[in-house]
Amino acid sequence: MAGNKFDLIVIGAGPAGSTLVSYLKASGYSIAVIDKSTFPRDKVCGDAIPGRAVRILEAISPETQHRFAQFQAKRQTKGGTAFAPKGAAFSLYFKTRGYISKRIDFDYFLYQEARLNTDATYFLEENVQSIKMEEEQVRVQLKGQEKPLTGKLILGCDGANSIVARKLAGRTVDAAHHCGAVRAYFKNVCLEDNFMMEFHLLKGYLPGYFWIFPLENDLYNVGFGMLSKEISARKINLRESLQGIIKQVPTLRKAFNNAEQIGDIEGFGLPLGSVKRSISGHRFMLCGDAASLIDPATGEGIGNALLSARLAVEQIQLCFNADRFDAKFMKTYDRKVYEKLWKELKGKYLIQRLLKDRSWLLDWSIRLAANFPILGRVVGKFI
Ligand SMILES: Cc1cc2nc3c(=O)[nH]c(=O)nc-3n(C[C@H](O)[C@H](O)[C@H](O)COP(=O)(O)OP(=O)(O)OC[C@H]3O[C@@H](n4cnc5c(N)ncnc54)[C@H](O)[C@@H]3O)c2cc1C
């Protein structure tokens with residue numbers, strides 16, 4: 001580092017930011033990483049670490065793969081069971097390993113991996129006051145710091161409320177492509193299989209679902225999420241709904257008979273990837289939630305956060321090799337992200353739209369699928 005001058009400024013050291021920094025180990029770029037938190041820190045989530053995230057994480061290096069295998073604070077999951085509004089159940093068994101891990105642990109693992117990149121200088125518990133884009137550089141002023149940091153490129157990895165997306169891409173919340181969700185931890189929930197995630201699709205709460213994801217040590221991540229537009233239109237209180245669902249749905253009432261809630265019910269937003277957005281521009285790129293890449297049907301965002309970070313690394317290399325950081329050149333990044341993800345995101349959006357207010361369709365299709373349990377293993381081979 002030469003004073004406050006860097007090649008790259010990464011805002012956010014969550015899954016997207018930390019993965020990006022890990023992939024840049026030994027690249028030689030000087031990197032400033034800014035996060036408003038210190039680590040370990042929690043993040044409101046369902047804690048399901050999808051197979052895509054595992055694959056990208058393990059590809060960082062054989063050493064990372066080895067350390068992730070040793071990382072204890074995770075539980076492997078066999079798959080997931082979807083419950084239709086009238087109770088029919090269908091299970092999918094995943095081919096690719098997925099895990100459930102409290103984000104306080106998983107994100108800390110990623111953060112520690114990133115810190116092995118000795119070309120990165122960390123600014124933790126620092127708040128960004130302003131971002132000023134200039135022709136030859138970007139200036140980031142931290143609150144309470146005298147001098148701004150400057151970089152050739154800024155990476156917005158700062159999550160759902162990204163300041164980079166707001167300031168540089170003019171992003172606002174679009175309730176039709178945004179979800180609200182809450183989660184709480186419970187002990188002593190009684191599940192049929194403690195290695196399967198449960199997704200409960202409920203009449204009156206579509207599009208959305210109630211989930212139970214089993215962690216280690218008899219702990220369960222329990223949550224409920226819905227499309228933000230529907231939450232406002234139907235004036236739904238997510239916290240009250242979570243508690244109400246547990247009391248009202250007979251199978252859940254039974255599962256939670258001896259359960260004990262640990263801690264508060266907490267909520268956060270999910271920017272969905274159901275519309276294409278501009279995710280780069282002159283001297284900037286957005287990754288993960290800042291780029292709004294969350295699966296519109298399942299709410300999974302960690303896998304796409306890691307994928308976008310990996311693709312941003314490719315673009316960073318192109319930029320420095322060509323010494324080009326203009327908006328037109330950066331568009332290769334948008335193209336690559338959507339080439340990988342758009343078909344899948346569009347398909348999931350279609351499912352989300354199709355199931356809105358059609359609980360009968362869910363009942364019918366899940367009941368039908370339940371007659372062919374082998375389907376769950378065949379389809380799961382592709383997940
Ligand atoms: C209730 C809920 C349940 C979910 N369940 C799942 C799930 O089970 N599986 C799944 O795959 N996805 C799930 N998601 C989505 C998932 O949490 C996100 O997609 C994922 O965290 C995206 O990673 P990220 O690195 O882009 O952002 P984040 O994880 O949000 O990390 C952003 C980082 O940036 C920092 N930051 C933010 N603003 C600033 C700022 N102004 N200055 C400096 N630093 C800043 C934050 O402190 C944070 O460390 C869920 C989301 C919610 C809300």
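Just so you know, all these numbers are worked out from the coordinates, no wet-lab data involved. Predicted, not measured: the structure shown is a model, and the values here were computed from it. Neighbour counts run over all protein chains shown; Cβ positions are idealised from the backbone, glycine included.
Reported to the nearest whole Å, the Cα centre-to-centre distance from the range 25-61 to the range 160-179 is 21.
Here Tyr333, Tyr93 are placed in order of increasing Cβ neighbour count within 10 Å, fewest first, which gives Tyr93, Tyr333. Simple spin-label estimate for Lys203 and Leu116 gives 5.3 nm between the two label positions (7 Å along the Cα-to-Cβ direction from each Cα). Helix 302-322 and the longest principal axis of the Cα set of the chain meet at an angle near 20°.
Rounded to the nearest 10 degrees, the angle from helix 238-248 to the longest Cα principal axis of the chain is 20 degrees.
Relative to the longest principal axis of the Cα atoms of the chain, the long axis of helix 327-355 makes an angle of roughly 10 degrees. With contacts taken as Cα pairs under 8 Å and at least 6 residues apart, the chain reaches a relative contact order of 23 percent. Taken over the chain, the convex hull of the Cα atoms encloses 132 Å³ per residue. The relative contact order of the range 156-271 comes to 37 percent, based on Cα pairs under 8 Å that sit 6 or more residues apart.
Could you tell me the center-to-center distance, by alpha carbons, between the range 346-375 and the range 239-271 in angstrom? That distance is 23 Å. Extending 7 Å from Cα along the Cβ direction at Gln72 and again at Lys254 yields two label points whose distance is 3.6 nm. Neighbour counting of Cβ atoms within 10 Å sorts the residues Met197, Met285, Met133, fewest neighbours leading, into Met133, Met197, Met285. Over the chain, dividing the summed -39,500 (n - 2.57) contributions of all DSSP H runs of at least 4 residues by the number of residues returns a 222 nm mean residue ellipticity of -11000 deg cm²/dmol.
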